[in-house]
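What follows is a set of notes on a single structure, which appears directly below.
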Amino acid sequence: MPRFFVHVRSNCHCWSYDEHGLDFPDEETARRQTLRAAHDLIDVFAARGQDPCDHAVEIENEAGEVVLDMPFSEIFLRDP
């Protein structure tokens with residue numbers, strides 16, 4: 001099963017770097033699950049007094065290719 005790494009960037013710097021990754025059957029499943037989980041971070045940003053618009057989520061595949069790069073401002077506008 002392919003492994004994907006989910007990173008959170010803040011103003012082009014890494015805020016949370018995933019060194020272990022997660023196994024998903026395919027890229028689309030990794031994308032859906034990551035975006036669903038990202039909705040839960042809105043409370044984390046609020047608790048830290050941070051603006052989610054300053055952050056983005058990035059998914060990288062095993063080859064080191066970025067397969068998703070999306071600002072949290074776009075994520076929070078989507079349905080979970």
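The values are calculated or read from the model by the stated rules, or taken from the named source; none is laboratory data. This one's a predicted model, so the numbers in the text were calculated from it and none came from an experiment. Cβ: placed from backbone, ideal geometry, glycine included. Neighbour counts: every protein chain shown. Surface accessibility is based on the protein's heavy atoms, side chains included, excluding ligands, DNA and RNA. Shrake-Rupley method; radii C 1.70, N 1.55, O 1.52, S 1.80 Å.
Suppose a student asked you for the relative contact order of the chain, using Cα pairs under 8 Å spaced at least 6 residues apart; what percent would you report? Don't jump to the answer; show the numbers that get you there.
Working: 118 pairs, mean separation 27.1, N = 80.
Over the chain, the number comes to 34 percent.
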Worksheet item: What nm distance separates the two modelled labels at SER73 and ASP43, each placed 7 Å from Cα along Cα→Cβ?
Response: 2.6
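How big is the equivalent ellipsoid of the chain along its three axes, where each semi-axis is √(5λ) from the Cα gyration tensor, reported in whole Å from largest to smallest?
Working: eigenvalues 90, 38, 21 Å².
After scaling each eigenvalue by five and taking roots: 21, 14, 10 Å.
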Worksheet item: If one takes the longest principal axis of the Cα atoms in the chain, at what angle in degrees, from 0 to 90 and to the nearest 10, does the Cα axis of helix 27-38 lie?
Response: 20
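Leaving ligands and nucleic acids out of the surface, order MET70, MET1 by accessible area at 1.4 Å, largest first. Spell out each step's value before the answer.
Values: MET70 15, MET1 150 Å².
Ranked list, largest accessible area first: MET1, MET70.
How much accessible area per residue does the chain have, in Å², with a 1.4 Å probe?
On the way: 5030 Å² over 80 residues.
About 63 Å² of surface per residue is accessible.
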